[in-house]
Amino acid sequence: MRRALGCLLAAALLAGCGQAPVEPGVSRALALDRAARIDSIRYELSFSIPAEKTEPVTGSVSLSFNLRDRGPVQLDFREGADQLRQMTVNGKEQEIDYQDEHIIIHGLRKGRNFISLGFIPGDQALNRNDGYLYTLFVPALARTVFPCFDQPDLKAVFSLSLDIPEDWVAVSDGSLKTETVSEGRKRLTFNDTKPIPTYLFSFVTGRWQMAEETIDGFPMRFYYRETDPDKLAQIPEVFRQAAAAVRWMEDYTGIPFPFEKYDFIAIPGYQFGGMEHPGAIQFTDRRIFLNPDPTADNLLSRANLITHETAHMWFGDLVTMQWFDDVWTKEVFANWFASQMTAPLFPEVDAALSGFKQFNLPAYEEDRTAGSNAIKQRLGNLADAGLIYGNIVYDKAPVVMDMLAERMGPDAFRAGLQEYLRAFSFANADWSDLIAILDRRTEEDLAAWSRSWVSEKGMPVYEVDADGVLRQRDPWGRRLVWPQEVDVTRRDDATLLNVSGKAYGFFAHDSLSLAYLMDHIADFDKPLERISILANLNENYLDGRIPAYRFASFLADYIPSENEELLVSTALGYLGGLALHGPLSTTPTIEAIFSELAHNQALGKAQTSAFKTLAGFFQDPEQVDAIYRIWRDQAPWPGVKLNETDYTTLALELAVRLPERAAEILDAQRGRIGNTDRLREFDFVRPAVSPDKAVRDSVFQALLRAENRRHEPWVQTSLRFLNHPLRQAEALDYVRPALDVLLEVQRTGDIFFPKQWVAATLRGHDNPIATQTVEQFLSDHPDYPELLRNKVLQAAARGRRYDVSRDY
Ligand SMILES: [Zn+2]
């Protein structure tokens with residue numbers, strides 16, 4: 001249907017039929033059309049990069065491909081015709097026909113075609129900083145940098161050459177082939193890549209340090225800008241985890257490491273956790289270089305990041321989804337394998353507990369809200385592909401995949417995955433290809449299972465009725481049935497659901513059963529049981545079934561009695577949530593609880609976490625004074641351990657509470673920061689805590705302009721401080737304008753940024769006026785894009801659970 005309609009519309013614009021209409025972005029129709037007509041693509045790319053980030057980068061591309069007909073072809077280039085230079089098509093110069101983010105190429109022939117073009121790339125996906133830049137094209141930003149077929153199922157071979165300042169280095173997917181230096185410039189060429197999609201092509205250049213190591217015959221290189229010797233001492237551990245992950249994946253899949261090399265870069269101010277460009281994996285430096293005395297959560301987070309990106313070399317890079325609606329098929333395996341690879345690295349950590357904490361808890365956060373989405377979402381245009389990502393894709397999908405593996409049995413599941421990887425190596429596959437392979441290896445009805453768990457949003461509600469029968473209910477009123485087993489435990493008069501932690505959903509308990517769980521949580525031996533109970537209690541609290549004061553006093557008693565660090569940090573997080581969002585936020589109760597916990601040396605590392613959580617919301621004058629002295633003297637309470645990043649955060653928080661001393665505090669903190677990348681971040685964020693509202697207003701106004709939003713993690717921090725809970729009354733004016741630019745933020749920002757932008761804006765507001773502003777915004781835009789609307793609803797939910805049976 002869509003193809004036929006496209007043909008009619010296109011007829012006026014394009015000579016001949018069979019082509020998709022010209023429209024901005026990369027539409028599904030265009031992608032299908034090109035995938036049917038084009039193959040064997042090769043890009044020869046060349047970039048000249050000046051030392052100064054204000055000077056333009058220039059580039060050229062020689063593109064060749066096979067075409068199965070003679071019709072015109074659309075090349076994607078978002079930046080506009082005025083950034084294009086001289087085009088030749090099969091040796092002949094051709095006038096550039098530019099329409100709606102595309103170059104229309106005419107005069108093509110059946111078979112091999114050659115196109116060359118000069119261009120000035122847009123800066124957005126080049127991530128230019130003083131002294132370094134890195135490209136990050138996922139999901140469809142390659143088209144902001146060079147003319148290309150920017151869709152995941154047109155894999156290509158890339159050949160790169162770079163002209164860079166003499167003292168810079170560079171790393172890309174292919175290994176370095178040649179290097180020559182003359183007149184202050186360095187010219188590098190790189191070997192051809194294996195066939196990869198545009199979103200996996202990348203290069204990083206600038207002034208970087210490099211370490212290399214070979215473990216068990218596997219060579220690796222690590223590029224970084226960190227200067228702190230304590231952090232650099234962690235490099236061997238990073239290599240060890242990376243090499244172990246590669247070996248684990250080779251063993252599980254039966255396929256040797258599929259790419260030429262394994263190099264990685266730890267990037268300051270990076271907007272994601274990591275990105276799996278084969279041969280040039282990018283990581284955020286904050287999760288790779290840990291501060292002194294890392295918590296179990298920090299250590300697990302680093303290992304999960306390294307193993308996640310490594311798993312992508314097979315799932316995502318070797319076999320790639322056809323279209324970004326199936327991006328979850330790569331993320332689910334990356335996360336699912338990451339948790340399995342991480343487990344043997346931390347024998348002291350309970351793997352089941354860690355898995356539940358890593359996946360179920362964040363999945364609930366989005367799945368319970370009115371902004372919930374299905375694991376597999378519809379996607380009409382790659383311009384919106386970034387909005388597909390979220391906790392449902394990253395965290396609910398692995399929970400669901402675990403159920404699938406359990407249904408099939410681990411051996412049949414593994415054999416199915418091996419067949420899938422072999423069948424689609426260096427090619428593309430969608431979810432139906434995988435489920436067809438798995439279906440042949442099981443008696444189970446996977447199609448029915450997939451419908452509820454993968455294709456529909458939301459989670460089941462379970463409740464025991466008056467007759468003691470367990471009932472499943474669809475909170476969205478669709479009468480959907482989710483196939484899964486739920487355990488029911490009867491103790492005294494209490495009926496406890498899902499103590500095992502094996503099932504997924506909302507388990508509504510009566511008050512008697514909730515009281516039993518709060519009184520007896522310590523009696524459950526397995527850490528997985530205790531985290532399942534803790535999550536159940538939190539969901540029931542959010543559902544209004546436990547009063548806030550009761551939940552708070554339970555947590556305050558429970559925390560010192562728990563010996564598993566991951567459970568203590570979870571409980572501290574819930575208590576912190578009560579402080580931020582609960583009705584107690586204005587009373588000293590929670591502050592007193594946290595202060596007591598932060599003084600309790602029996603808590604171990606959790607004592608520091610308690611202190612850091614307290615540092616986010618303290619306001620009692622005595623507490624302010626105590627924390628000021630801790631910051632000034634860099635002398636925390638016995639047992640609490642703070643590092644430079646913590647003191648920077650404390651200084652910013654203190655500046656909010658002590659406006660008359662803000663300048664003095666911030667000047668002193670600035671003097672303590674040694675690393676230049678961290679100094680730049682501090683200088684960026686500092687005005688957002690200014691005591692002068694006019695200064696904060698001007699910061700907010702500046703953030704409404706795209707050119708000031710380049711460093712997304714810095715922008716998030718600024719926005720959070722502008723909308724600080726203690727300044728929310730003065731920040732109410734920011735809510736509506738922040739929502740008004742959200743579409744623009746999506747267009748100009750990276751994939752996780754729209755959600756982070758609304759979350760950072762709304763997090764500090766608990767005033768009903770802010771809620772009304774959000775509702776008004778949504779009702780003013782009844783046709784607002786659904787994917788983006790979901791992000792707003794998720795951020796605005798503040799823990800509220802969506803249920804049609806309730807009045808909304
Ligand atoms: Zn991933």
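When Gln358 is tested against the conditions (1) away from the ligand (no atom under 16 Å from the Cβ); (2) open to solvent by 10 Å² or more (accessible area, probe 1.4 Å), the lone failure is (1). Listed here are the helices (runs of 4 or more DSSP H) enclosed by region 729-791 that have at least 3 residues being under 26 Å from the mean Cα position of the chain (by Cα) and farther than 20 Å from Ala383 by Cβ: 753-762, 768-780. Being buried (at least 18 other Cβ atoms within 10 Å of the Cβ) and part of a helix (DSSP H, G or I) holds for only one residue in Phe264, Phe222, Phe239, and it is Phe239. The requirement of being polar (S, T, N, Q) and open to solvent by 50 Å² or more (accessible area, probe 1.4 Å) is not satisfied by Asn536.
Against the test of being over 26 Å from Trp248 (Cβ atoms) and either part of a helix (DSSP H, G or I) or open to solvent by 50 Å² or more (accessible area, probe 1.4 Å) (or both), the options Leu421, Leu387, Leu438 yield a single qualifying residue, Leu387.
Name the residues in region 64-97 that are of a type in the set (S, T, N, Q) and either within 20 Å of Ala156 (Cβ to Cβ) or assigned to a strand (DSSP E or B) (or both), would you?
Of all residues in region 64-97, those of a type in the set (S, T, N, Q) come to 64, 66, 74, 83, 86, 88, 90, 94.
Result: Ser64, Asn66, Gln74, Gln86, Thr88, Asn90, Gln94.
Restricting Val741, Val656 to those that are more than 21 Å from Thr773 (Cα to Cα) and among the hydrophobic types (A, V, I, L, M, F, W, C) reduces the list to Val656. Cβ separations smaller than 6 Å between residues 6+ apart or across chains give the following pairs from region 178-199 residues that are of a type in the set (A, V, I, L, M) to residues that are open to solvent by 60 Å² or more (accessible area, probe 1.4 Å) and not in a loop (DSSP other than H, G, I, E, B): Leu188/Glu179. A count restricted to region 542-556 and to residues that are among the aliphatic types (A, V, I, L, M), under 11 Å from Ile593 (Cβ atoms) and open to solvent by 20 Å² or more (accessible area, probe 1.4 Å) stands at 1.
Of the set (1) in contact with a Leu (Cβ under 9 Å, 6 or more places away or on another chain); (2) more than 11 Å from the ligand (Cβ to nearest atom); (3) under 24 Å from Ala125 (Cα atoms); (4) open to solvent by less than 10 Å² (accessible area, probe 1.4 Å), all apply to Arg287 but (4). In this structure, does Ala31 turn out to be at pLDDT 95 or above, crowded, with 19+ Cβ neighbours inside 10 Å, out of contact with any Lys or Arg (no Cβ under 9 Å at 6 or more places or on another chain) and among the small types (Gly, Ala, Ser)? Criteria met by Ala31. Which of the residues belonging to region 696-715 are open to solvent by 50 Å² or more (accessible area, probe 1.4 Å) and of a type in the set (A, V, I, L, M, F, W, C)? The answer is none; no residue qualifies. In the condition set (1) in contact (Cβ under 8 Å) with a residue 40 or more places away in the chain; (2) within 16 Å of the ligand (Cβ to nearest atom), Asp384 is compliant with all but (2).
Tally up the residues in region 75-93 that are in contact (Cβ under 8 Å) with a residue 40 or more places away in the chain and open to solvent by 10 Å² or more (accessible area, probe 1.4 Å), please. Total satisfying the criteria: 3. Selection of first residues in region 224-240 that are in contact (Cβ under 8 Å) with a residue 24 or more places away in the chain and of second residues that are among the small types (Gly, Ala, Ser) and surrounded by fewer than 14 Cβ atoms within 10 Å (Cβ to Cβ), restricted to Cβ pairs under 8 Å at least 6 apart or on distinct chains, gives the following pairs, ordered by first then second residue: Thr227/Gly674; Asp228/Gly674. The set of residues in region 321-340 that are open to solvent by 10 Å² or more (accessible area, probe 1.4 Å) and either without any contact (Cβ under 8 Å) to a residue 24 or more places away in the chain or more than 12 Å from the ligand (Cβ to nearest atom) (or both) comprises Gln322, Asp325, Ser339, Gln340.
Checking Gly764, Gly799 one by one, the residue that is crowded, with 21+ Cβ neighbours inside 10 Å, touching a His at 6+ places or on another chain (Cβ under 8 Å) and not hydrophobic (A, V, I, L, M, F, W, C) is Gly764 and no other.
Of all residues in region 459-483, which are in contact (Cβ under 8 Å) with a residue 24 or more places away in the chain, of a type outside the set (Phe, Trp, Tyr) and open to solvent by less than 40 Å² (accessible area, probe 1.4 Å)? Residues satisfying the conditions are Met459, Pro460, Val461, Gly468, Pro475, Leu480.
For region 1-28, residues that are at pLDDT 95 or above, open to solvent by 30 Å² or more (accessible area, probe 1.4 Å) and of a type in the set (A, V, I, L, M, F, W, C) total 0. Please verify whether Glu444 is open to solvent by 40 Å² or more (accessible area, probe 1.4 Å), assigned to a strand (DSSP E or B) and not aromatic (Phe, Trp, Tyr), treating the condition exactly as stated. So Glu444 does not fit the description; no. With respect to the stated conditions, Thr253 is over 15 Å from the mean Cα position of the chain (by Cα), modelled with pLDDT of 95 or more and either open to solvent by 10 Å² or more (accessible area, probe 1.4 Å) or among the hydroxyl-bearing types (Ser, Thr, Tyr) (or both). Note on region 258-276: residues that are within 15 Å of the chain's Cα centre (by Cα) and away from the ligand (no atom under 16 Å from the Cβ) total 1.
Note on region 290-308: residues that are of a type in the set (Ser, Thr, Tyr), within 16 Å of the ligand (Cβ to nearest atom) and open to solvent by 10 Å² or more (accessible area, probe 1.4 Å) total 1. Just one residue in the set Ala311, Ala363, Ala352, Ala370 is more than 12 Å from the ligand (Cβ to nearest atom) and surrounded by 23 or more Cβ atoms within 10 Å (Cβ to Cβ); that residue is Ala363.
The values are calculated or read from the model by the stated rules, or taken from the named source; none is laboratory data. Not measured: the values here are computed from a predicted model. Virtual Cβ from ideal backbone geometry, glycine too; neighbours counted across all protein chains shown. Calculation scope for accessible area: heavy atoms of the full protein, side chains included, ligands and nucleic acids excluded. Shrake-Rupley method; radii C 1.70, N 1.55, O 1.52, S 1.80 Å.
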